[in-house]
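Here is the structure we will look at, set down as structure tokens.
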Amino acid sequence: MLVYGAVGLIALALALAPFLFPDIRSQEVAARICVFIVLVASYDLLIGYTGIVSFAHTMFFGLGAYGTAIAIKTMGPGFEAILLGGGAGIAAALVLALLIGLLSLRVKAIFFAMVTLSAASVMMVLASQLSDFTGGEDGITYSIPKLFSPATELLADADGKALRLFGVPLNGKLALYYFVFLTALVLFLAMMRIVASPLGSVLEAIRENEMRAEAIGYRVVFYRTTIFCIAAGMAAGAGILRAVWLKYTGPEVVLSFDIMIDILLMVVIGGMGTMLGAVIGVVLMTLAQYYLKDLMVLGAEATADLPIVPDLLNPERWLLWLGLGFILLVYFFPSGIAGTLLGKGGRK
Amino acid sequence: MPKTPSIRTQDLTIRFGGHAAVNGVSCAFFPGELTVVVGPNGAGKTTWFNLVSGQLRPSAGRIFLGERDITALSPSARAKAGIGRAFQLTNLFPKLSVLENVRLAVQARAGQGHRLFARATALTGLTDKAMHYLDEANLAAVAQLPAAALPHGDQRKLEVAMLLAMEPDIFMFDEPTAGMSVDEAPVILELIARIKQDPSRTILLVEHKMDVVRALADRIVVLHNGELLADGAPGEVMAMELVRDIYLGVGAEEVA
Amino acid sequence: MAPVLTLEDVHTDIAQYHILHGVSLEVPEGGVHVILGRNGAGKTTTLRTIVGLWKARQGSIRFRGQDITRLQTPDIARLGIAFVPENMGIFGGLTVEENMRLATADGSFDAERLKRIHAIFPAMAQFWTKPAHALSGGQKQMLAVSRAIIEKRDLILIDEPTKGLAPAIIRNMIAAFREVAAETTILLVEQNFHFAKALGQTVAVIDDGRIVHRGTMAELAGDAALQSRFLSLSVEA
Amino acid sequence: QDAARIALIHGLSGSPLEAYSKQTHTGFEMGLEYATGGTMQVKGKPIELIVKDTQFKPDIARALLAEAYGDDDALIAVGDTSSGVAMAMLPVAEEYERILVVEPAVADGLTGPDSNRYVFKTSRNSSMDMQAQALALDPDENLYVATLAQDYAFGRDGVAAFKSALEGTGAHIVSEEYVPQQTTDFTATIERLFNALKDQPGRKVIMIYVAGIDAMTPLASADPGRFDIELSTGGNILPALAAYKQVPGMEGAIYYYYEAPDNEVNDWLVEEHMKRFGTPPDFFTAGGMASAMAIVKALETAPDWETETLIETMEGMSFETPKGTMTFRPEDHQALQDMYHFKIKVEDGVDWAIPELVRVIGADEMDIPVGRNNQE
Amino acid sequence: MTETTASLPARIKADIERFGGVLWLPVVLAVVALVLIGQPSTWATLTIAGLAMGMMIFLMASGLSLIFGLMDVLNFGHSAFVTAGAFIGATVLAWLGFWVTGGNPALNLTGLLLAIAAATIFGALAGWFFERVVIRPVYQDHLRQILITVGALIVAEELVLLIWGGAPIPVPRPQVLTGSIIFAGVSVEIYRIFAFLLGLLVYVAMYLVLNRTRLGLLIRAGVENREMVEALGFRVDRLFILVFMAGSALAAMGGAMWAGYQGLITAALGSEMMILVFIVVIIGGLGSIQGSLLGAILVGLMANYVAFLVPKMALASNMLLMMAILLWRPYGLLPAVKR
Ligand SMILES: Nc1ncnc2c1ncn2[C@@H]1O[C@H](COP(=O)(O)OP(=O)(O)OP(=O)(O)O)[C@@H](O)[C@H]1O
Ligand SMILES: Nc1ncnc2c1ncn2[C@@H]1O[C@H](COP(=O)(O)OP(=O)(O)OP(=O)(O)O)[C@@H](O)[C@H]1O
Ligand SMILES: [Mg+2]
Ligand SMILES: [Mg+2]
């Protein structure tokens, strides 16, 4: 119950974010959360529901983002660019997923992990080698459709300034946020549906006993590949949102292995094999990433005169604490926060 | 018999390294007939089953389902085509509930596995069916337990329940009563007897317990060193010198 | 003479379930002693509790007077107790030989015993260098038993060895166990009453985690009433 | 405004580069101190320094910059260490119409077409490194060069700049080798370089332009001398200079070495740094100080602190730094500055090889391509 | 896993197997390379360098292979031990200062050996702690292993940053091992020769322990069915700790060696090597030390040849090599266990 409540609250908060927390930082955080919920949930389809360990998720994420970015860069800021580029990105993701899936979903889980890992690294190399399209390490900066720029007024008042609602100007930035929020919502609900569907339970069966699933008439490779493609497509979708919100796309923000790790952490913290878990995981992690350090600063100041403590509390070492917390979590709540609250046992 | 065979193997052979586990086995089975496959340990019974149900690919030979050559089909394709198989070494979805185990089989049969946007739990038809089969195997009481928590015997029964749920035309049981206590085995045997009543069904049964063999068999096939040693009515096969020597052994009845 | 093994009011829990409700049992020195019982009665659990794979919550287990209730499995094993589990516990990744080697004390085989095992179970010789996962169900069972008798043990616990064995093999096995029982004590969990009858000296019937009958095999074998009461032997009839 | 709010936004965690950021940070604070004569006030208003950690992630950097302008209402922001991250920050300055001073990222692109008129850059850029490097080789028809660089934007820009610097001098580029960013085994590359150079007439030089990896050690130990091949590379931060001990007498150009510049800003910096940290200041300490001094001067001289006014003030503004006088070029807002031609000298007792000053390469000697024109 | 009738190609394959099979791959590779490269001196330089590089990777990989193959534990934290080893090695070398940089070869070597020893010992201790605290709860649960070790990796890297700071640290290389031997245009870095010998030593040692004792068997059995091994009277937990300590020690040793080679090290060192190390283990096949050696040497040679012939491909080459081999042999070249 607690879980549903929490998720409900989160949804509400996100829906009203621009009005509840008008400051810029919160905006960023809210948008990032929306995007990552889709990304992480789609990853959970693989790792949580099907037991597929893939390290190529950022690759698909990146395809969506780069597709959009490159299209905008070349065609200029317009929705047709987003549609075309994003579409191309998703298509590419699907094709790649299909290839990888058919090629290597037959082999052992750990090998699949390795293959995806190398595929991802190859993609990173490409991104930096084809710098004419991708801007290499520096990535691509671009502007987005006029409708989404802060300068645009959705509703102008008497003297032509953007009309304010609860003191929030109804400008392009607002429109942009809701574009991101609503798309993310739709994608997420779609995934909720998928895991509750017969397909969902087949995936679980495959996770449990592949050979037996085959024996009662389920084509394992087919199902594996299907879900892998679905997840890839979703990730690419998230990539599009990311690209549009950030007005920047580069290896650091969509391809880097750090993001892959973030995703892993989020899935696990939230609870593998529970869509709602993804939501909780993303929110907690993101909040930590943005606010934990502030707390640590305080801690460091408070303990300034003690020996090592301040060093440990030095905000630059915040990852240390995140890591520790994570280990403890995997240790004591293997099924994550949502998983534990929903009373799913540890998956041994 | 005028009837056309429902399942037929032709020179079926598989080698592991040099050793031929099944060696040129050709024989046909007919609807409404229950055949017991016997043979010493390592004779190739399970392997032969694996070839028919597709877990293993033959080194040589063909397999026909009715007129259709299914040698190249994947296990799942064969399952869809109507070949159902229960395993010798219990082989379930351990962490899923007993009910879910069976429900998955029903769902596979109904061919709804790939449906994306329906609620699995909402397809009550499937669940009811699953419960029905659990009743038959009298496992209804433990429907909600994880399969792993069942004692060995009940796990064997679940194996059979899943086979029933697949509603195949060909039923293949590999020692369904192995490790079942004497007062549990009958449940399974009655189940098999009931399946047998439908004349459209073909039943293959690997079994070591002679009393079971006598009780059920219309026909006995003896495998030895991967080869077809004998094939015929129970009485005559059991009477054969060869069989008594290599399989039953002198005075075997006392122990089995 | 003093019993080899004594269980006194042993209670065992598995996860949240309370499985054994006070099993008390005495295994006399030498010979074969049988535990019978329906599926789920607690036979396997009893054996696993003796070797320490489940921990008894209450009660005591004594082996030759020494209390082993709280000992670790490896230490119990080193006292000379061999265990053949229900699932046989074969190491599929290893060859038959390697499986056997691990069961020996010092990694080297006693040629005499090995020869005897190969005589009882020809398949063992035939598949000596093959990976154990390749063995047939019954062959796995044989390997499991072979491992238990490759060394001289003080007590051998065996969980349903005849499961899935061909009659001929069962016959060999009876012979084998008689032979082994001459030098050690065997505690046998069985479903196959005939097999049990052919070997057992004493018998205990367990149900719902309690011992419901104890006595000599002769007495049980002779008394049809007892049989139908404790093990409704319908099929055989 | 009640105070002069300045945001220092750079990576302090999550990458080896964080050491650079720390140098920048130190230098920046010391710069403020020096420029305000220790009062930490401009025009009687206190300077408020806001520090934020980008974790070297462009997305976070953008968020933080926006936050600094929007929520904290910072007048001017400074950052970042990684060119990629800095690149991503540029549009935010334009969006909020506030000034962003880029330090210490080097990429030319930061003042290029994708930049905007709100961006000023106090750090050197690759063209400067390379033109200085070229001058240090005093090129002519007799010079045959093979280049070794990492295969990404930084390396390719550098080599491009180097080539254009050599244009018209008659020097020949016989081969360009690019290696992956994290290369550790240079054997193959060395073979290629040697094969390309060994049969050339005249003076043969391998010009190394890499960051974060040590190409010097393997190259030196493969004994280029046997083919009369010289090595040449730009200077580096002190820890990296240790590797240069293997190539005494090597010449090249360096951005900063604490003994090179001769001016009182630097004297003060070196003395104070020694006093406070027991070590001499390094590359980015100097850079940080420079950016701080530029900002303070701008705030001092500008009539008011409206962005537009500040831009006017800063375009063409000259300011003192540990590297002597720098000047913001009006067109692309890049600060033009001196570089130093050095020759490696090894002294035991010193952890690193000493890049002894040969001569100062004046800002006016180099013609640094104009990245963009902010005037129209 | 079905094998078909011994058709002609099959029989040829069988013959190849009999004469060492995949062990010939490196030779084949080298010969092909010679043809493509042409100049013998260049070829020799590359080949020797490749072999030595392979050996250094092997030092790091062997530890992973041991843990990952024998115990079926997927330790993404492995690179943390490599990094730690590197830094400890570097620190010790720095301490010993003149010993290392001075002219006396004997002192030089002792210095290096001390450094490596320090790293190795640390690795073993850290491994013990790691197994106890981190791995113990997650045996035979790959997913949680990946996760928990990734967590441990993050923590470890942060600790390194905390202790040694983020700045690149220069590693003094022992005087005797600096520079190269050059004859007939073939140049060989002396340090690589040393690395090669050390790698060989480790290989032989491991080979003996695993194949001449019951240890290897026991561990593999323990992975498959822990309860049964205990029922046979062996302490699986001690066994596993032992292996884990050994693996970690090897990783640290490899790290120390690598530090000496790379000359300038950062906290990222481990993670940068990791992908390579994983590739080696995968190519070689789970749990087989021969496999790891083979894989390492293939990777080492491949990297050098490709970097010379088509530098553009340098990065991708190893990945492609791995994918190719996986598609050809899904379990790697010489798998000890097909799990
Ligand atoms: N891992 C487990 N979790 C929960 N319950 C268990 C578990 N293992 C066994 N049980 C329960 O313990 C009871 C006794 O099991 P046990 O295996 O001892 O029966 P058994 O007499 O060996 O039956 P069988 O003859 O079928 O092997 C059974 O009711 C079973 O449900
Ligand atoms: N994967 C395999 N690799 C090698 N040999 C195998 C493999 N599978 C089975 N065998 C061999 O094939 C022969 C037949 O095995 P199978 O399991 O069919 O015997 P079975 O008739 O089922 O015996 P049981 O009654 O004991 O189950 C056995 O000798 C076995 O060792
Ligand atoms: Mg069988
Ligand atoms: Mg049992």
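Values in this text are rule-based calculations from the coordinates and carry no lab data. As the structure is a prediction and not an experimental result, all values here were calculated from the model. Cβ placement follows ideal geometry from the backbone for every residue including glycine, while neighbour counts extend to all protein chains displayed.
Convex hull volume of the Cα atoms of the protein assembly as shown, normalised per residue: 196 Å³. Shielding of peptide C:128-139 by partners, expressed as the average count of other chain Cβ atoms within 10 Å per residue Cβ, is 4. The label-point distance for E:Arg214 and D:Glu271, in a model that sets each label 7 Å from Cα toward Cβ, rounds to 7.8 nm.
Ranked by the mean number of other Cβ atoms within 10 Å per residue, highest first, peptides E:199-211, D:327-339 order as D:327-339, E:199-211. What the Cα convex hull of the range A:197-343 gives, in volume per residue, is 154 Å³.
Straight-line cross-link partners of C:Lys55 among the lysines, defined as a Cα under 24 Å from its Cα and at least 8 positions apart when in the same chain: A:Lys348, B:Lys95, C:Lys43. When the Cα atoms of chain E are aligned to their principal axes, the ranges along those axes come out at 62, 53, 36 Å in descending order.
Rg over Rh of chain B, using C-alpha atoms and the Kirkwood radius, what does it come to? So for chain B, dividing Rg by the Kirkwood Rh gives 0.97. Scoring D:357-363, E:153-159, D:129-135, E:80-86 by mean Cβ neighbours within 10 Å over their residues and listing the highest first yields E:80-86, D:129-135, E:153-159, D:357-363.
Rounded to the nearest 20, the size of the Cβ-charge dipole of the range C:51-158 about its Cα centre is 260 debye, with Lys and Arg at +1 and Asp and Glu at -1. Taking the charge dipole of the range B:82-229 about its Cα centre, with +1 at Lys and Arg Cβ atoms and -1 at Asp and Glu Cβ atoms, the residue from B:Pro146, B:Ala193, B:Gly226 reaching farthest to the positive side is B:Pro146. For C:Gln58 and B:Ala141, the FRET efficiency from 1/(1 + (r/R0)^6), where r spans their Cβ atoms and R0 equals 30 Å, is about 0.60. Once the Kirkwood radius over Cα pairs is known for the range B:85-167, the Stokes-Einstein relation at 4 °C and 1.567 mPa s delivers a diffusion coefficient of 103 µm²/s.
Taking all Cα pairs closer than 8 Å and separated by 6 or more residues, the relative contact order of chain D comes to 18 percent. Computed over chain A, the P(r) curve from all C-alpha pair distances, binned at 10 Å from the origin, holds 6, 23, 31, 25, 12, 3, 0, 0 percent per bin. Structure remark: mean-square fluctuation, Gaussian network model of chain B, C-alpha springs under 10 Å; the largest value among B:Ala143, B:Ala105, B:Ala72 belongs to B:Ala72. Here, the range C:91-152 has an Rg and a Dmax of 10.3, 28 Å when only alpha carbons are counted. Once backbone amide H atoms are built at 1.01 Å from N, D:Thr81 has D:Gly11 as its partners under 5 Å, excluding neighbours fewer than 5 places away on the same chain. For the cross-link pairs D:Lys22/D:Lys121; D:Lys275/D:Lys323; A:Lys173/D:Lys22; D:Lys45/D:Lys121, the ones whose C-alpha atoms lie over 23 Å apart are A:Lys173/D:Lys22; D:Lys45/D:Lys121.
Taking 8 Å as the Cα distance limit and 6 or more residues as the minimum spacing, I'd like the relative contact order of the range B:85-167 as a percentage. It rounds to 50 percent for the range B:85-167. With contacts taken as Cα pairs under 8 Å at a separation of at least 6 residues, the range C:91-152 carries a relative contact order of 53 percent. Of D:Glu271, D:Glu103, C:Glu26, the sequence from fewest to most neighbouring Cβ atoms within 10 angstrom is D:Glu271, C:Glu26, D:Glu103. Averaged over peptide D:296-302, the number of partner chain Cβ atoms lying within 10 Å of each residue's Cβ comes to 0.
Among A:87-100, D:209-222, sorting by the average number of other beta carbon atoms lying within 10 angstrom of each residue, highest first, gives D:209-222, A:87-100. For C:Ala166, the shell of other residues with beta-carbons less than 12 Å away shows a net charge of +2, using +1 for Lys and Arg and -1 for Asp and Glu. Residues whose amide H lies under 5 Å from that of D:Glu230, counting only those 5 or more places away or on a different chain, are D:Lys204, D:Val205, D:Ile206; hydrogens are built 1.01 Å from N in the peptide plane. Across the range A:72-80, computed HN-Hα scalar couplings (Karplus, 6.51 cos²θ - 1.76 cosθ + 1.60, θ = phi - 60°) run 4, 4, 8, 8, x, x, x, 5, 4 Hz from first to last residue, x flagging Gly and Pro.
Dipole magnitude for chain B: about 1140 debye, using +1 per Lys or Arg Cβ and -1 per Asp or Glu Cβ, origin at the Cα centre.
For a straight C-alpha distance cut-off of 19 angstrom, the aspartates and glutamates reachable from C:Lys115 (same-chain residues fewer than eight places away being disregarded) are C:Glu97, C:Glu98, C:Asp106, C:Glu151, C:Glu179, C:Glu183. Here's the list of lysines a cross-link from B:Lys45 could span, going by alpha-carbon distance under 26 Å and ignoring same-chain residues fewer than 8 apart: B:Lys3, B:Lys80, B:Lys157, B:Lys196, B:Lys209, C:Lys130, C:Lys140, C:Lys163, E:Lys338.
Applying the Karplus relation 6.51 cos²θ - 1.76 cosθ + 1.60 with θ = phi - 60° to the range E:303-315 yields 3J(HN,Hα) values of 3, 5, 4, 4, 4, 7, 7, 9, x, 3, 7, 3, 5 Hz, where x marks Gly and Pro. Taking a sphere under 10 Å around the Cβ of D:Arg5 and counting the other residues whose Cβ falls inside, with K and R at +1 and D and E at -1, yields a net charge of -3.
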